Each structure stands twice: as structure tokens, then as C-alpha cells.
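The values are calculated or read from the model by the stated rules, or taken from the named source; none is laboratory data. Source: prediction; values computed, not measured. Note: ideal-geometry Cβ built from the backbone for every residue, glycine included; neighbour counts use all protein chains shown.
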Amino acid sequence: MSIRKGGGLKIARFLMVLASISPLFIFWAVKGSCLIPDRLLVPACVALCLIPNAVLFGRLQVARHQGDTREVVIGNIEDVRNHILLYLFAMLLPLYALELSSWRNVAAALAAVLFIVAIFYCFDLHYMNLLFVIFSYRVFTVSSAADATKRSGRRVLVLITRRDFLDAGDTVTAYRLSDTVFMETAQ
Amino acid sequence: MNLKFTITEIRSTEFGVGTLDRGSEPTFTVVPVDRDVKAALREMLADTWGEMTALTSKPAHYEASEKYGSVEYVYLEIDDPIASTLEDIHLAVNLDSDSSALNDTGDMFCYFARFVDKKGRKLTALRRAGQFKGILGKRLISILDDTLKLVQDRVFKLDSDFDLLIDESDIHVLRPSGLESLGGLQAAILASVKKNVASLKANLAFISFDEIASYAAVHPRAARYLSSIRSQSKGVDRKALQQLCTSNGVDCKFTKGQLHVQPGYELAFLEVLDRRRYEIDLVTGAPERFRAPSRQRV
């Protein structure tokens, strides 16, 4: 995945990254902390979980309303749904295991979350969202075929679709969630 | 001539810009636009096709050596070697999308729209970015209440039509100068001298092209003639050619069965071969010689 110089939808992409790690906030709300009272922690965690996902849903609605679609031509494909499982185990569980029993631990947890958010944002990993798996979507990375003309896009695109398979050469009409993440309109 | 695309049944519309960084290849980036801009682009497409068909229903084939007016409907096959840049743009897939591409318009040289109809056929429309770019430097005003106000935001103005349309087999050109600049034709024509000479050698084996090839490699006009002659080189009679050269004052000689053009006469010889030099005997005893920068078969 390439690191981009700029790109649009910066706030939406940032919130989509937060949506990616929203299961962590559910864990923290359930687990609680002896330092922060539940009346503050639970609403904060619920907000951090709901707002970013609402923004993701809102972005999809805006794309629908604006007819913001792209024709994604399938070249090289990789099913990356397993990345989501991998990230759950590799990233969320260690953070969940961290006890929020001292302010130092809370600061360490927040610093870790900050690093993860920065990495996800810079590497365009805002497509990692457990909701896609829950709603039976598959996530593929798509790049232009080797024989595509030299003017073809070089960026790796992410296509979220209900299809089980994609064939090289297929064209899929998809809504633009960001400059690199697309969701198929209908099958 | 028909467009291999149904303008009234468009499934998808994309908008983008072409930028040219110093010393590098042109880059084409898709810029997300809303429904209204897409509708305007579809309108531009319909207007462009309307203008083309109003000019003629049987467009002439584009010839690199021909001088064209500012607006003339001509066509060129998409697989023509000189149109390789435009073919690349048309066949490009998954162009990078960047909504911030319009932040810096200094390097922008064109904008384009890519359409897909309900049958899945693609059409690419291009326009040089003269007005699109120029409007940024001007002060624009608009009526917000009952007084005129300066427009503070960045404003981009779309033109009323495109310079050219590319469907699956042809490039339909409304402004030939647009084709030249967008397709980088000058460089493509110079680059194709070797290929064109090889093709001419096969059809005109009695002509020595070595001197002509070296001349055309550094003279764009001669390179344009070569590109044009390529499509009309079959069946040329050696005696008729020699006679035409003599009557038009082009110095060439047969040596060892091959026609050699004398130095300084390369361009004139190519003009003869491209049917651009002719002599008229309307006045007895005073033949008149002409050169035709633009001609049409009758």
C-alpha cells in the first residue's frame, strides 16, 4: 500500500480509521477502569465507536447522493479479508489486555492507539472495519494488470463487495469512499 | 461516420486533469465531481458531437502534413502510431483519484472526461486547459444579493465543448490543433520517421530513402509528409514520379536503378510525393507551379 502525498477527505479518512479500531473502545467500555468512572468512560467509548462508523455510513450516503462512482477495472486481485482478522488479534487484543489501572498505563494505551491511527491513516488502511465482515462483505485489493497502458493508475485500490470472486478484466461500478477505497454499488 | 458510443445512455462519468511536470511524462488524475458537473460534462459531450455532425457527416482522415482550420471535423484511427499517447489515455484503467489535484493548476495542460455507456463502451473526451486555467488569474464577480461581489473561492470554468472524442476505434477531432497539442503529435511524428521510412521502402523500392530519412529526422515538416505519404504510397509509377519531379524543378537522379534526391530538394521531393506540388498550363508557354499546404480530393 502506497503512502500518499495528500489526497482528499482527510477528516473522513481519519474518522474511518477510528471506525477501524472501534472494537477496542467496546472492549474498554466493557472492561472499565478504576481510574475513570463509568459515567465518563462508557459514553466516551460509545461515542468513539458510534461517531466514526456513522461518518463511514454518511460518506457512503453522500457518495450515493452525488453519484460519486468509479469504474474499477480488475487487474491483479488479492482477498484481504483475513487482514481484518489479523489486525484484530495482532493489535486489538494486546491493547485490550493492557490494564488501565494507572495513569501511566492509560497514557501508554492512548499513545499506542495514536501510533496505530497514524499508521492506518498514512497507509490508507481505513478499509479495515469489522462491520464489513459482519455484513458479509469481502474486501479485495485491486491493482492494474501488468499489460495495462503506462498511463493506468499505479495505486492499489480497495474494493469492498458482496461478490465471492472477482475475475481479471471485469469492470465493477463502485461508490468512492475515499481516493483508494471503493464499495460496489449493487451486484 | 458514427460514434461507437450511445450518448443518451451514459452509465458512468468521470472527470480528470492532465498535468505536465517539468521534464516528466504527462500524468492523468481523476478528480471527484458531483452530479451537476457530471451533467455539464455530458452536455459538453452532446454539444461536441452536435458540432461535429453539423460540420460534416463524412469527416476526412487526419493527415499530419495537412494545414487545418481552427474547427474542422476530421478523424484518425486510434491504433495509428502517431496517436499512441491518446490511445494510452483512452485505454488507461483505474486512474489515480485525487481531489486535491486542482489545488495547483500551474502544470495543468488539459482536462478530460471518461464516459461509459450502458453497453460498457468507453468514450474519452479531452480539452486543452486554456480557459480552465486562465480563469483563476481573473477577478470574478457574482450577484449574491442585489449587489455585485467578488468571488473569493477558486473558480474553474468548463468550456462549451471538447477538442476531441475517442471511442473504441477512432479519434474524432473537432479542433486539429487540439489533437496536435494533446497527443504530442510533433514528437510522435518525429519518432515515427524510421517506421514510416521502412513502410515506404516496401512500397517504393525504387527510391533511395536514406538521405530523406536523415533529413526528416530533424525537420518536422518533412516528417509530417512522410507520415502522410505512407498511406498513399502504393502503385506509384517511377516514370510518372520522375516526370513530375522534373516539371516541378525537383532535382533527382536515377543511379543504379534507384532514384536519389539531390541535397536541398528533400522537402520539395516529399511535397511531390504527397501530391502537394503541381504545375498548371493555363497560359500558353508559361507553366505555373504551385504548392498546396492544404488540399482535398475531388
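Residues that are among the polar types (S, T, N, Q), surrounded by 12 or more Cβ atoms within 10 Å (Cβ to Cβ), touching a helix residue (DSSP H, G or I) at 6+ places or on another chain (Cβ under 8 Å) and farther than 29 Å from residue B:72 by Cα: does the range B:211-231 have at least one?
Scanning the range B:211-231, I find no residue that is among the polar types (S, T, N, Q), surrounded by 12 or more Cβ atoms within 10 Å (Cβ to Cβ), touching a helix residue (DSSP H, G or I) at 6+ places or on another chain (Cβ under 8 Å) and farther than 29 Å from residue B:72 by Cα, so the answer is no.
Go through (1) crowded, with 21+ Cβ neighbours inside 10 Å; (2) within 14 Å of chain B (Cβ to nearest Cβ) one by one and return the number of the condition residue A:129 breaks.
Unmet condition: (2).
For the range A:39-78, how many residues are part of a helix (DSSP H, G or I) and over 17 Å from residue A:137 (Cβ atoms)? Please lay out each step first, then the result.
At the first step, the residues of the range A:39-78 found to be part of a helix (DSSP H, G or I) are A:39-66.
Okay, now just the ones that are also over 17 Å from residue A:137 (Cβ atoms), so A:39-52, A:54-55, A:58, A:62, A:65-66.
Looking only at that region, the number is 20.
If I go through the range B:1-59 residue by residue, how many of them are in contact (Cβ under 8 Å) with a residue 24 or more places away in the chain, acidic (Asp, Glu) and under 19 Å from residue B:174 (Cβ atoms)?
The number of residues fulfilling the criteria is 2.
Of all residues in the range B:43-54, how many are surrounded by fewer than 17 Cβ atoms within 10 Å (Cβ to Cβ) and either among the aliphatic types (A, V, I, L, M) or within 14 Å of another protein chain (Cβ to nearest Cβ) (or both)?
Narrowing the range B:43-54 to residues surrounded by fewer than 17 Cβ atoms within 10 Å (Cβ to Cβ): B:43, B:46-47, B:50-51, B:53-54.
Checking which are either among the aliphatic types (A, V, I, L, M) or within 14 Å of another protein chain (Cβ to nearest Cβ) (or both) leaves us with B:46, B:54.
Selection size over the range B:43-54: 2.
Filter the range A:139-153 for residues that are more than 22 Å from residue A:81 (Cβ to Cβ) and facing another protein chain (nearest Cβ under 7 Å) and give the result.
Result: A:148, A:149, A:150, A:151, A:152, A:153.
With the condition being more than 12 Å from the chain's Cα centre (by Cα) and modelled with pLDDT under 90, I'd like the strands (runs of 3 or more DSSP E) fully within the range B:1-96 carrying at least 1 qualifying residues. Full working, then the answer.
On the way: elements: B:10-19, B:27-30, B:74-77.
Per the criteria, B:10-19, B:27-30.
Need the failing condition index for residue B:107 against (1) modelled with pLDDT of 90 or more; (2) more than 10 Å from chain A (Cβ to nearest Cβ); (3) more than 17 Å from the chain's Cα centre (by Cα), just the number.
Condition (1) is where residue B:107 drops out.
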